[in-house]
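Since the structure comes first, as structure tokens, the remarks are kept for the end.
No value in this document is a laboratory result; all are computed from the given coordinates. Given the structure is predicted, the values throughout are model-derived calculations rather than measurements. In this analysis, Cβ positions are derived from the backbone assuming ideal geometry, glycine residues included, and neighbour counts consider all displayed protein chains.
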Amino acid sequence: MRNMKREAALIVVLIAGLGVSASLSRWLDAHRTDQANQFAESQLYLSGPAARRLTLAFNGLAADWYWMHSLQYVGRKIVNYQDNHNNQFVLSDLASLDLPLLSGLLDVATTLDPQFIPVYEYGAVILPEVNPDQAIALLNKGIAANPSSWRLHQHLGYIYWQRREYAKASEIYAAGAQLPGAPAWMTAMSARLKADAGSRDAAREMYQRLAETSDDNTVKEMVAAHLMRLDSLDDREVITRALDEFRMRFGRCPASWRELAPLFRGARSRIDPANATPVDPSGVPYRLTNDGCSVDLGEGSKVAG
């Protein structure tokens, strides 16, 4: 009899949970300002505290709902952008998307579930391109709710590094390095940010560490895009030096890549052997510009400019 009562009580709780979820969904749908557009830009569905009160004991379920909608929101924006730009979009250029609701969606999700670490990590990657101050606020909120998470310190330090506030970034990495489970490279990164934070090598290490510590595919794609850009900048420095040397030797700029090929020997450049053309990290040939005196990315390159 007692077991039957427990099972009956469990069924009641589950039915109530589904009812709350359905009510929340209907409430949110009813308060959208543009019924033709699932993600209207004029307002957020609910504030975090209001959503927390409405969902009662089902905050985790509601947090998942907001989390999924934040992913769908960004995904729809990317699809719309691609539809209007020949199916082209580079994750390192998130600023090209109009994402006024994203900060609010992530804030509500983390108010409903303050220990929802993937939401903070996602915001740490996407929000800096939209509004760095909102990204910092979200991560500070996450650190306050999860004081033992060294990864949130890593993400916050990364944002300050992006802002070229290297001393602040170093300070945050140092604080994160003191937390349980923090890897030794957190201390090393803090020191490096003091020494040569603005260097390309420091940037490359920053992105590589970010990729190593994240399971989010969006983060990994973003890091890959940034690393391609860094590699391309290295390539173009090598090519520019070769162009300068050619001009000093012959008093003119090369008419083709084949004329420049001998100067690439020994250099770490990707060369297409069929036509002696250097190619960028996405496999697209670079192009000579300014009558052969300069180099730029080729048409169709997936490297951010």
Evaluated at q = 0.16, 0.19, 0.20 Å⁻¹: base-10 log I(q)/I(0), Debye formula over Cα of segment 144-253: -0.74, -0.95, -1.02
By average C-beta atoms within 10 angstrom, highest first, the peptides 74-83, 138-147, 100-109: 100-109, 138-147, 74-83
Cleavage-rule hits, GluC sites (Glu not before Pro), segment 221-305, DSSP coil, Cβ neighbours within 10 Å at most 10: E299
Label-point gap, in nm, between I117 and D98 - each point 7 angstrom along Cα→Cβ: 3.7 nm
By average C-beta atoms within 10 angstrom, highest first, the peptides 199-205, 128-134: 128-134, 199-205
Fully extended contour minus Cα-Cα distance, from E237 to R200, at 0.36 nm per residue: 12.1 nm
Low-density loop cleavage sites - trypsin sites (Lys or Arg not before Pro) in segment 157-186, where at most 11 other Cβ are within 10 Å (DSSP): R164
Cβ crowding within 10 Å averaged over residues, with 175-188, 113-126, 277-290 ranked highest first: 113-126, 277-290, 175-188
Cα-derived Rg over Rh, computed across segment 234-296 with Rh taken as Kirkwood radius: 0.92
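Quick one, can you get me the convex hull of the C-alpha atoms of segment 72-217 expressed as volume per residue in Å³?
Working: hull volume 15.8 nm³, N = 146.
Dividing the Cα hull volume of segment 72-217 by its residues yields 109 Å³.
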Estimated distance in nm for a label pair at N217 and Q88, the labels positioned 7 Å out from Cα along Cα-to-Cβ: 2.4 nm
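What is the sum of charges around G283, taking Lys and Arg as +1, Asp and Glu as -1, for the other residues whose C-beta is under 10 Å from the C-beta of G283? It would help to have the intermediate numbers written out before the result.
On the way: positive: R270, K302; negative: D272, D280.
Result for the neighbourhood of G283: 0.
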